[in-house]
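Below is one structure, written out as structure tokens; comments come after it.
Computed from the coordinates by the stated procedures, all read-outs in this text should not be read as laboratory data. Just so we're clear, the structure is a prediction, and the values are computed from it rather than from any experiment.
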Amino acid sequence: MKKPSSKIREEIARLQEQLKQTETREAERIGRIALKSGLGDIEIEEADLQVAFEEIAGRFRGEKGQATGRKNAGDGGAAGETPASFSPGADQGSTGEA
């Protein structure tokens, strides 16, 4: 039996709200961990921080390869190159957001 489109829309709306709540919980969890590790005190550009997080995620997924700093990037361009070193707790000297 086919579902009417109104029921499918209701289900989509319910799932979107569930996704939003789940993403919020995950973001809060990661944010608390980042603050506990001292990342809140470091001035680092968001792109550099994203690259570092991608490297960490890859490490836990068992991936090899370099983070790009960009969503769905597969060209390996220089725009998202990994910083030479990332030392937690060390000031990176940038003026970006923390």
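Some observations on this one:
- Residue by residue, the stretch 5-12 carries 3J(HN,Hα) couplings of 4, 5, 5, 5, 4, 4, 5, 4 Hz when phi is fed to the Karplus relation 6.51 cos²θ - 1.76 cosθ + 1.60 (θ = phi - 60°); x denotes Gly or Pro.
- ³J(HN,Hα) computed for each position of the stretch 45-60 - Karplus, 6.51 cos²θ - 1.76 cosθ + 1.60, integer Hz, glycine/proline x: 5, 4, 5, 5, 5, 4, 4, 4, 5, 5, 5, 5, 4, x, 4, 6
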